[in-house]
Amino acid sequence: PDLYTVAQINIAMGRSAAGAWGGWTLVVVYENPSEPLRHLALWDGFTPLKSGTQGIQLTSLGFAAGAWGRAGLVAYNGDRGTTGDALTMTTGQSEVALSNAANPQDDVLNSTISEPGADAARVPAHANNLGYDSDVFDLGRGLQHAGDQATFRLHSQQDAAWAGVLFVAVDARR
């Protein structure tokens with residue numbers, strides 16, 4: 001595997017009532033001829049949630065009914081143990097709450113880094129990432145019906161959080 005490092009991020013050039021924090025996220029898109037052809041969509045923004053719901057619509061996905069797919073979310077300032085936040089996906093008329101072993105449906109902003117079925121292999125491997133979330137979810141039952149777009153909503157009832165990156169990969173053919 002490739003190793004990527006970063007250092008000396010200049011985040012505090014002045015004074016702020018909120019303090020200073022910073023970081024970076026690397027999203028890598030690759031092609032592997034031994035894997036099925038997939039449609040990819042990426043939303044790269046920085047949107048505050050402000051105790052509400054943020055909707056992100058991704059289009060041109062072109063998935064068949066029952067297709068395989070995954071979605072990934074990077075968010076900032078999620079608090080471990082503060083419930084009331086969720087990530088949902090709507091395709092057509094059905095809305096599905098996304099979760100995995102590290103992210104219950106009502107606490108996806110919980111300072112974790114995760115992949116479906118296992119913890120993400122990384123160094124250092126802290127359990128609590130102090131407000132940084134980078135999680136990948138299987139879309140499973142969310143792709144029961146064919147379509148070409150999906151709307152993801154990040155709900156936050158208590159956390160003041162920021163959505164940073166959302167990606168989706170779905171099989172182009174079934």
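The values are calculated or read from the model by the stated rules, or taken from the named source; none is laboratory data. As the structure is a computational prediction, the values presented were derived from the model and not from experiment. Here the Cβ positions follow ideal geometry from the backbone for every residue, glycine too, while neighbour counts run over all protein chains shown. Protein only, heavy atoms only, side chains kept; ligands, DNA and RNA dropped before computing areas. Shrake-Rupley method; radii C 1.70, N 1.55, O 1.52, S 1.80 Å.
In sequence order, the range 140-148 has phi-based couplings of x, 5, x, 10, 5, 10, 5, x, 9 Hz under the Karplus curve 6.51 cos²θ - 1.76 cosθ + 1.60, θ = phi - 60°, and Gly or Pro positions carry x. Where is the GNM fluctuation largest for the chain (alpha-carbon springs, 10 angstrom cutoff): 80, 122, 38? Among 80, 122, 38, the largest mean-square fluctuation in the Gaussian network model of the chain belongs to 122.
Taking amide hydrogens as placed 1.01 Å from N in the peptide plane, the amide H of residue 145 sits under 5 Å from those of 66, each at least 5 positions away in sequence or on another chain. Just the protein heavy atoms count here, and of the accessible area of the chain at 1.4 Å, carbon and sulfur take up 50 percent.
Taken about its Cα centre, the range 40-151 carries a charge dipole of about 80 debye when Lys and Arg each add +1 at the Cβ and Asp and Glu each add -1 at the Cβ.
Solvent-accessible area per residue in the range 38-171 equals 47 Å², computed with a 1.4 angstrom probe and all protein chains kept. Put a dot 7 Å past the Cα of residue 80, heading toward its Cβ, do the same for residue 144, and the two dots end up 3.6 nm apart. Stokes-Einstein, applied to the Kirkwood radius of the chain over Cα pairs at a viscosity of 0.890 mPa s and 25 °C, places its translational diffusion at 144 µm² s⁻¹. A Förster radius of 45 Å combined with the Cβ-Cβ distance from residue 60 to residue 10 puts the calculated FRET efficiency at roughly 0.75. For the chain, leaving out every one of the chymotrypsin sites (Phe, Trp or Tyr not before Pro) that falls in a DSSP loop and has at most 15 other Cβ atoms within 10 Å, the longest unbroken run is 31-174. Taking amide hydrogens as placed 1.01 Å from N in the peptide plane, the amide H of residue 106 sits under 5 Å from that of no residue at least 5 positions away in sequence or on another chain. Computed on the chain, with alpha-carbon pairs under 8 angstrom and 6+ residues apart, the relative contact order is 39 percent.
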